[in-house]
Amino acid sequence: MPTGVGTGVGSMPGTDPRAAAAVVNGELDLAHLVELPGRGAGSDLIGRMAAILVDLPMDTATWGYRLAQRESQLTRRARDFLKEDLDVVEELWETAGFVGTGRPFKVQVAGPFTTSASVELPNGHRVLKDPGAVRDIVASTAEGLREHVGEIKRRLGAQVVVQIDEPMIGRVIDGTVKPLTRFDPIRAVPAVEAARALTELIEHVDAPVVLHDCNRPRWDLLEHLRGVAYSIDVTAPTDADLDGIGMLIDRGDILVAGRIPSTAPKRPVNADTVATDLAAITDRIGLSRKVLSENVIVTPTCGLAGASESWAKKALAVTAEAGQLLGTDPTAL
């Protein structure tokens, strides 16, 4: 896992994959496969899973997505979007001379619990309602992600980093995912059980993994999930967050620190301030500043799909520069 660098979370504004990929690959040392939710069904976080899941076809439903009996137009659409995005990156890398160099490249997929909490079964219930169906989602995600990583390695000759997006994991653990009706509550999934399933997935993929969650950090999950980087918003860390970050770094894992606003702020943001603020966090915890170059990656606070195209480019430029400052001489901040 490269450290002392900046990267994006995943989503970008607009509908032009070539323009978005040019920004991402031009600004970042740890570039990533862009997500463009503005293209519609099959291009957002959950819709892309129609192209990733193995033997679990998906289709659109009244309020989102649903598991289907056979391949659907949604599946074909999602695969077309994914192929187009990969073709664009491969072309950019060939032009830049990056192919075969082992340069790092990040891909993002929805985690199995967020997928299970967001997608319906054919009977209208959330997948999360059925423990057996959840296990199928875990296995299907693991195999589909393994194939996805393999294709990117073949195309780019890159060192692939995998980001698993789990924005719903807190609600899954707390048992607050909205059921079909109030008479059919969805059980809470204990943090240790969720960690066990995620560990199985990660071991199957066999690549460096980032777990991303834009919501409140779940340190109860991370206590049981070792060997992964944790991507969270650190603009206003609580005492519990500081303890959690200390735990994460003490055991040798990586903090992916969301610090640059995901939409244009009222006040200017610069890399020096971002890097200094991150140094202040390590100082508060009592960690050596060398961890900033060895155990930290910088990102925006969340995806940039809601930003203007000009701010998305600026945010990634600041992210990259802040990462370079951490990687160069964090003691001087």
Once you put a point 7 Å from the Cα of residue 76 and another 7 Å from the Cα of residue 188, both along the Cβ direction, what distance in nm separates them? 4.5 nm
All-pairs Cα distance distribution in the chain, expressed in whole percent, bin size 10 Å: 6, 27, 35, 24, 7, 1
Which chymotrypsin sites (Phe, Trp or Tyr not before Pro) from region 40-89 combine a DSSP loop assignment with at most 11 other Cβ atoms within 10 Å? 63
Using a basic spin-label model with each label point 7 Å from the Cα along Cα→Cβ, how many nm lie between residue 87 and residue 199? 4.2 nm
Packing-wise, with mean Cβ within 10 Å as the measure, how do 152-160, 300-308 rank, highest first? 300-308, 152-160
Can you give me the long-range amide H partners of residue 161? Hydrogens built in the peptide plane at 1.01 Å from N, cutoff under 5 Å, separation of 5 or more residues or another chain. 105, 106, 107
How large a share of the accessible area of the chain, in percent, is made up of carbon and sulfur atoms when the probe is 1.4 Å and the other protein chains stay in place? 49 percent
Let me see the pair-distance distribution of region 156-214: every alpha carbon pair, 5 Å bin width, integer percents in order. 4, 16, 20, 20, 15, 11, 6, 4, 2, 1, 0
Using Cα-Cα distances under 8 Å and only pairs 6 or more residues apart, what relative contact order does the chain have, in percent? 22 percent
Heavy-atom accessible area per residue - the chain, 1.4 Å, Å²: 42 Å²
What share of the DSSP beta bridges in region 139-270 is antiparallel, in percent to the nearest 5? 0 percent
As a Kirkwood estimate from alpha-carbon pairs, region 1-121 has a hydrodynamic radius in angstrom of 15.2 Å
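The values are calculated or read from the model by the stated rules, or taken from the named source; none is laboratory data. Bear in mind the structure is a predicted one, so any value in this text is a computation, not a measurement. Every residue, glycine as well, gets a Cβ built from its backbone with ideal geometry; the counts of neighbours run over all protein chains shown. Note: accessible area is taken over every heavy atom of the protein model, side chains too, but ligands, DNA and RNA are not part of it. Shrake-Rupley method; radii C 1.70, N 1.55, O 1.52, S 1.80 Å.
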